[in-house]
Amino acid sequence: MNYTLHIAYSLIVWFFTIPASATGLFECEATEKSAWLSETEVTAKLTAEGWDVRRMKEDGGCWEVYGTTPEGQRVEVYVHPVSGEVLLINQRGTILYRKES
């Protein structure tokens with residue numbers, strides 16, 4: 001009985017905490033959503049710099065971009081939503097670049 005109750009409680013706690021946690025490695029400072037660059041603008045900026053953008057989503061107040069660097073590395077990149085500046089480059093759990101604050 002206690003074992004079953006413990007498992008049920010653990011699952012309930014897990015269910016409610018997972019959505020609350022950030023999925024990414026990086027968070028940007030809070031900015032007005034109306035000032036953000038669109039997905040198309042960020043993609044165009046990165047493409048002009050030689051990147052290949054596969055997909056992107058909003059995460060931690062940043063644009064989280066999945067793609068390939070100009071050197072051909074498949075990476076996850078965090079981009080500032082207003083300036084379009086690359087803030088962090090991550091490859092399979094290894095941080096390749098992190099902008100100094």
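Go through (1) surrounded by fewer than 10 Cβ atoms within 10 Å (Cβ to Cβ); (2) in a loop (DSSP other than H, G, I, E, B) and name the single condition CYS28 misses.
(1)
Inside the range 45-101, can you point out the residues that are of a type in the set (D, E, K, R), in a strand (DSSP E or B) and open to solvent by 70 Å² or more (accessible area, probe 1.4 Å)?
ASP52, ARG54, ARG55, LYS57, GLU58, ARG74, ARG98
Does LYS33 meet the test of being open to solvent by 30 Å² or more (accessible area, probe 1.4 Å) and modelled with pLDDT under 95?
It is true that LYS33 is open to solvent by 30 Å² or more (accessible area, probe 1.4 Å) and modelled with pLDDT under 95.
Could you please tell me which pairs satisfy a Cβ distance under 6 Å, a separation of 6+ or placement on different chains, a first residue in the range 43-61 that is charged (D, E, K, R), and a second residue that is at pLDDT below 95 and surrounded by fewer than 12 Cβ atoms within 10 Å (Cβ to Cβ)?
Cβ pairs passing all conditions: ASP59/THR23.
The values are calculated or read from the model by the stated rules, or taken from the named source; none is laboratory data. Here the structure is a predicted model, which is why all the values come from computation and not from measurement. For neighbour counting, all protein chains shown are included, and Cβ atoms are generated from backbone atoms with ideal geometry for every residue, glycine included. For the accessible areas, the whole protein counts, side chains as well, though only heavy atoms, and no ligand, DNA or RNA atoms are used. Shrake-Rupley method; radii C 1.70, N 1.55, O 1.52, S 1.80 Å.
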